[in-house]
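The values are calculated or read from the model by the stated rules, or taken from the named source; none is laboratory data. Fair warning: this is a prediction, and the values are worked out from it, not measured in the lab. So basically every Cβ, Gly included, is an ideal-geometry build from the backbone, and we count neighbours across all protein chains shown. Just the protein is used for accessible areas: all its heavy atoms, side chains included, with ligands, DNA and RNA removed. Shrake-Rupley method; radii C 1.70, N 1.55, O 1.52, S 1.80 Å.
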Amino acid sequence: QVQLVESGGGLVQPGGSLRLSCTVSRRLYGIYYMGWYRQAPGKQRELVASISNGGSTNYCASVKGRFTISRDNAENTVYLQMNSLNSEDTAVYYCNVKQGSSNYWGQGTQVTVSS
């Protein structure tokens, strides 16, 4: 059983920063992608950023230049550094790991951007 444990969400003022972390409960082998999704009230869940084993990254247009995804394979952890946050970034953020036909999700962490 693979579990994803997220941390780092919270309340931040516009223009502020947060760093999300997600640790996988057991070592994964082979090719797998790690990423972050978010879901705002009344909206569909959307991909925010993803990263491959080799470090190739992908970002949605609204966060490019503000968010940075990284991973530590030795620690089975993926990070999302979020800078210049604005109210449209308010959402529940979910960690995701994809390996072949398997798709694992974290429980979600709330990020609220408000003054």
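Per this entry, residue 43 is counted among residues that are loosely packed, with under 14 Cβ neighbours inside 10 Å, within 14 Å of residue 90 (Cβ to Cβ) and either in contact with a strand residue (DSSP E or B) (Cβ under 9 Å, 6 or more places away or on another chain) or without any contact (Cβ under 8 Å) to a residue 40 or more places away in the chain (or both). What about residue 80, is it open to solvent by less than 70 Å² (accessible area, probe 1.4 Å) and in a strand (DSSP E or B)? Judged against the criteria, residue 80 is a match. When 10, 55 are checked against the criterion of being of a type outside the set (A, V, I, L, M), modelled with pLDDT of 95 or more and more than 19 Å from residue 104 (Cβ to Cβ), a single residue qualifies: 10.
Exactly one residue out of 95, 60 is modelled with pLDDT of 95 or more, within 15 Å of the chain's Cα centre (by Cα) and farther than 16 Å from residue 20 by Cα, and it is 60.
Are any of the residues in segment 86-109 among the hydrophobic types (A, V, I, L, M, F, W, C), open to solvent by 70 Å² or more (accessible area, probe 1.4 Å) and farther than 19 Å from residue 8 by Cβ?
No, there is no match, as no residue in segment 86-109 is among the hydrophobic types (A, V, I, L, M, F, W, C), open to solvent by 70 Å² or more (accessible area, probe 1.4 Å) and farther than 19 Å from residue 8 by Cβ.
Within segment 47-58, residues that are hydroxyl-bearing (Ser, Thr, Tyr) sit with their Cβ atoms under 6 Å from residues that are open to solvent by less than 20 Å² (accessible area, probe 1.4 Å) and at pLDDT 95 or above, at 6+ positions apart or across chains, in these pairs: 50/35; 57/51; 57/69.
Condition (residue is of a type in the set (A, V, I, L, M, F, W, C) and loosely packed, with under 12 Cβ neighbours inside 10 Å) applied to segment 17-40: is it met by at least one residue?
The answer is yes, given that some residue of segment 17-40 is of a type in the set (A, V, I, L, M, F, W, C) and loosely packed, with under 12 Cβ neighbours inside 10 Å.
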